[in-house]
Amino acid sequence: MQFDDGCFVIAEIGVNHNGSLDLARELIDASAEAGADAVKFQTFFAADLVTESARKADYQSRNTGDEGSQHAMLASLELGESDFGDLMAHCAERSIHFLSTPFGFRAADLLERIGVDAFKVSSGDLTYHQLLAHLAQKGKPIILSTGMGTMAEIEVALEVIDRAGPAPVSLLHCVSDYPAAPDTCNLTAMATMEAAFGRPVGWSDHTVGSAVGFAAAALGARIIEKHITLDVTMDGPDHAASMEPAAFGDFVAGIRAISAALGNGIKRPGAAELRTAEVARRSLIAARDLHAGEVIGADDLAILRPGTGLPPAMFTTVVGCRLGRSVSTGEPLTIEDLHG
């Protein structure tokens, strides 16, 4: 699995399956049909992740409509250990990569056992160095989200991974709000992170709509992750900041087009442009019938389309040359005409 060739698009299912294996499979199908490269789940056990008294995040309270227990909410969204192997097999059937975010050692070991290609680390665990080291020791690629993080925290996290690894690391710039307002996204931080750390950098998109994701792709994001749901009005903490399948398909298509449009940075005409140049550019044209052996004067030349002859930039070079053959009025001059 490569994260540095073009733009790798991850459909973030997360907990939008609402604890239902059937809904999880439907979301895999929708992601595959939308053209995503991978789906991503969250692998956690509420008892290993949060105390029973921990409050919900503000966005979780807002999106679920109550301020109840984070523990109770997460427990209702857990999938069984065997479910992840089933989902990975379903991904293989649909030719889409399976990824998941482990929220602890037990979850990480479970994902390793079923053979995941890479680990995604939540922004919330950027400073959980023990988990980072545990993942790095497994030697698989790590996608590290950096929401809420400072440059210093990212630097330390990478040092922890590098010491425990080796494990290739990609970084995702992220704003940990759901949904995130466009004016909070600071997408140019991607370039700052890439310059500072020399790792592939992408964008974990929590905004509504496509615009910010498209902007990230245009800025060269190597990975773009966005939540997918079957219905944004469903109950759950992340549906409101997610994209429905038809829109997600348009989102992926847009990213593919933008990524292709970025090209390789070398300024040169493409094959289509070379064909256009023949009709859009001008040539040195015989302004009258010219005969073999004549010396070409300035008044003997016109500068007209098509661009199949000598370019106008050669005007002063051609004036004073002797023709090697006769040229009719309106005929473009070529370099061969100047010999003899």
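Summary table
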| item | result |
| --- | --- |
| Any hit, segment 104-113, residues being of a type outside the set (Gly, Ala, Ser) and modelled with pLDDT under 95 | no |
| Check on Ala136, within 14 Å of Ala167 (Cα to Cα), of a type outside the set (Ser, Thr, Tyr) and either modelled with pLDDT under 95 or in contact with a Gly (Cβ under 7 Å, 6 or more places away or on another chain) (or both) | yes |
| Residue count, segment 2-32 (criterion: in contact with a Pro (Cβ under 7 Å, 6 or more places away or on another chain) and modelled with pLDDT of 95 or more) | 1 |
| Helices (runs of 4 or more DSSP H) (entirely within segment 221-340) containing at least 1 residues that are touching a helix residue (DSSP H, G or I) at 6+ places or on another chain (Cβ under 9 Å) and surrounded by 16 or more Cβ atoms within 10 Å (Cβ to Cβ) | 245-262, 315-318 |
| Selection within segment 33-72 - outside any loop (DSSP other than H, G, I, E, B), modelled with pLDDT of 75 or more and not aliphatic (A, V, I, L, M) | Glu33, Lys40, Phe41, Gln42, Thr43, Asp48, Gln70, His71 |
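The values are calculated or read from the model by the stated rules, or taken from the named source; none is laboratory data. Here the structure is a predicted model, which is why all the values come from computation and not from measurement. Quick reminder, even Gly has a Cβ in these numbers, built from the backbone with ideal geometry, and neighbours come from all protein chains shown.
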